[in-house]
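The structure under discussion appears below in the form of structure tokens.
The values are calculated or read from the model by the stated rules, or taken from the named source; none is laboratory data. Since the model is a prediction, treat every value here as computed from it, not as a measurement. Reconstructed Cβ throughout: ideal geometry from the backbone, glycine too, with neighbour counts over all protein chains shown. Quick note on the areas: whole protein, heavy atoms, side chains included, nothing else; ligands and nucleic acids left out. Shrake-Rupley method; radii C 1.70, N 1.55, O 1.52, S 1.80 Å.
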Amino acid sequence: MAQFINTKENIVTEAVDGLVAASGGKLARLDGYPHIRVVVRNDWDKSKVALLSGGGSGHEPAHAGFVGEGMLTAAVCGDIFASPTVDAVLAGILAVTGPSGCLLIVKNYTGDRLNFGLAAERARQFGLNVEMVIVDDDVALPELPQARGVAGTLFVHKIAGALAENGADLKTVAAAARQVVSRTKSIGMSLSTCTIPGSPKEDRIPAGMAELGLGIHGEAGVEQVEFNGAQAAVAAMIGRLAVDMEARPHVALINNLGGTSVLEMSIILNEIRLSAIGERINHVVGPAAMMTSLDMQGFSISIYPADEAEIALLKQHTPLAAWPRISWLGQVAVQALPDGLTPVTPMPSVHKQTQEFLTRCCEILIAAENDLNALDAKSGDGDTGSTLAGAARALIGAMNRLPLADHTQLYRAIGLELSQTMGGSSGVLLAIFFAATGDAASSGLPMHEALKAGLRRMQEIGGARLGDRTMVDALAPALDALNDGPAAAARAAREGADRTASMTKANAGRAAYLNAKQLAGHVDPGAEAVARLFEHLAGWFEKAA
């Protein structure tokens, strides 16, 4: 898998230099390349307790991204998923530790414990006051005597960092850090492993499965479970976190493991809010990428029963962009729609034949969803089928509210329904088409002329013409032939749709941004949808006759 790197040997040093260069002078690195890679505060005067953390790289923004006022004083960066050396850790300690001492915050992995621990011993030989706290917040494997340290480490960074910034002594800062560690719980889940630079990606997690309780280095989780959506995924994780969870308000830290979209992370947050422990979560940090595992498509949840003083420390200002702030988690606030936008409900009426016809149209579009998405993926964003199928499902759901016996009002009602339920340019264009068709029908035009009037109006506003490689290339000839019967309209629609495959220039829609090579040989998905609709309906009418 291609990655935006130069050589794997220089990944960490180049990334560190990028971070430091863009810090506005607030950060510096120690002059120890290539083996000593330590990021430090450039404004540090050693007058307060120093906080030092680190570990293997690949977890960005942790840990160097949290170096700054109110959090870490220095971060030691190892190779990808490999602990930094004793000398690198010692260099960091010596660089930032003054009379107030230093606290090392170490995730519970053997390499980190050994290297940070030995560096601490050597620093003490220099006469420095150094304490170390081990973070072991992972509850995926509760029977293990040594739990892993994962994203709950960020609670320690922020609370201890704020205390140190406020001038607390080392004993107080260390005690607060250990208090956070002892009551923090974390667990992760992922749909894929991560891609380690220079190595092939391990396809350990099969399609349709998710791995529960995996670590931040791509190591296998507790078990693989069937993936049935965000709600079930969150519920499986909450089940582990809820064991022995205190009956008091908690803060949830919602961490993106690197490859999960922002949209997905917001859904995950909402599912946590609605979960079995949702009433005990009153603050959230994130969702954001804080303690990642390169590009892993997964997330983790950490919970901590913070008291009011700790909430204040979590809220205390830090200028670091990597810290996403803490927010109160409340109910969803809803405001009424502005006047004029409240949906107008038409007078419903019953007409069996019309209902059967409309339902059949919707079923055709729903059945074509995957095919149209695949076709759209070759020339667009791969969602045409889902957009049309979603509108079709909404229309079926609204059938008992439609004026089925009054076709003039029905066109308008369909247009209104589509404007509310169908997104993208297709939704608004089809809403215009049906609304204009209803207006034309109300003036006395027959159905095929009213439909043509709707098409003209849609073209006026949307700008598409015949030959522009859109649904118009199938719809316009189909409506021209409709007077000759459904079969003739279906043939015209198919011929029009097929012609779009040879059109190497699109003048409307998202395909207009693509070059001729990307378009050649692919039928426009909107035109294909129109053609399939007319073809199926022609057969349906033929059977009915």
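Taking the conditions exactly as written (assigned to a helix (DSSP H, G or I) and either loosely packed, with under 14 Cβ neighbours inside 10 Å or at pLDDT 90 or above (or both)), does Q335 satisfy them or not?
No, not satisfied.
Which of the residues belonging to the range 225-241 are among the small types (G, A, S) and open to solvent by less than 40 Å² (accessible area, probe 1.4 Å)?
Within the range 225-241, G229, A230, A233, A236 qualify.
What is the one condition in (1) in a helix (DSSP H, G or I); (2) closer than 22 Å to W44 by Cα that S182 does not satisfy?
Every listed condition holds for S182 apart from (2).
Within the range 493-504, which residues are assigned to a helix (DSSP H, G or I) and free of Cβ contacts under 8 Å to residues at least 24 places away in the same chain?
Correct list: E495, A501, S502.
Any idea which residue in the range 137-179 is surrounded by the fewest Cβ atoms within 10 Å (Cβ to Cβ), counting only those that are in a loop (DSSP other than H, G, I, E, B) and of a type in the set (G, A, S)?
My answer is G167.
Here's the yes/no breakdown for (1) touching a helix residue (DSSP H, G or I) at 6+ places or on another chain (Cβ under 6 Å); (2) open to solvent by less than 10 Å² (accessible area, probe 1.4 Å); (3) touching a residue at least 40 places away in the same chain (Cβ under 8 Å):
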{"site": "T387", "(1), (2), (3)": "yes, no, yes"}
{"site": "R393", "(1), (2), (3)": "no, no, no"}
{"site": "L404", "(1), (2), (3)": "yes, yes, yes"}
{"site": "A450", "(1), (2), (3)": "yes, yes, no"}
{"site": "Q459", "(1), (2), (3)": "no, no, no"}
{"site": "G462", "(1), (2), (3)": "yes, no, yes"}
{"site": "D473", "(1), (2), (3)": "yes, yes, yes"}
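I need the full set of residues from the range 7-33 which are under 20 Å from G198 (Cβ atoms) and in a helix (DSSP H, G or I), in order please.
Passing the criteria: K8, E9, N10, I11, V12, T13, E14, A15, V16, D17, G18.
Can we say P319 is within 30 Å of S23 (Cβ to Cβ), crowded, with 17+ Cβ neighbours inside 10 Å and touching a residue at least 12 places away in the same chain (Cβ under 8 Å)?
Answer is no for this residue.
Among the residues of the range 78-136, what is the count of those that are of a type in the set (S, T, N, Q), crowded, with 17+ Cβ neighbours inside 10 Å, more than 21 Å from G32 (Cα to Cα) and out of contact with any Ser or Thr (no Cβ under 9 Å at 6 or more places or on another chain)?
Total meeting the criteria: 1.
Would you confirm, using the coordinates I've provided, whether A306 is more than 17 Å from the chain's Cα centre (by Cα), under 15 Å from A62 (Cα atoms) and of a type in the set (A, V, I, L, M, F, W, C)?
no
Return yes or no: is G54 within 18 Å of A151 (Cβ to Cβ), crowded, with 21+ Cβ neighbours inside 10 Å, at pLDDT 95 or above and not aromatic (F, W, Y)?
yes
Answer yes if at least one residue in the range 368-380 is under 25 Å from the mean Cα position of the chain (by Cα), of a type in the set (S, T, Y), surrounded by 20 or more Cβ atoms within 10 Å (Cβ to Cβ) and in a helix (DSSP H, G or I), and no otherwise.
no
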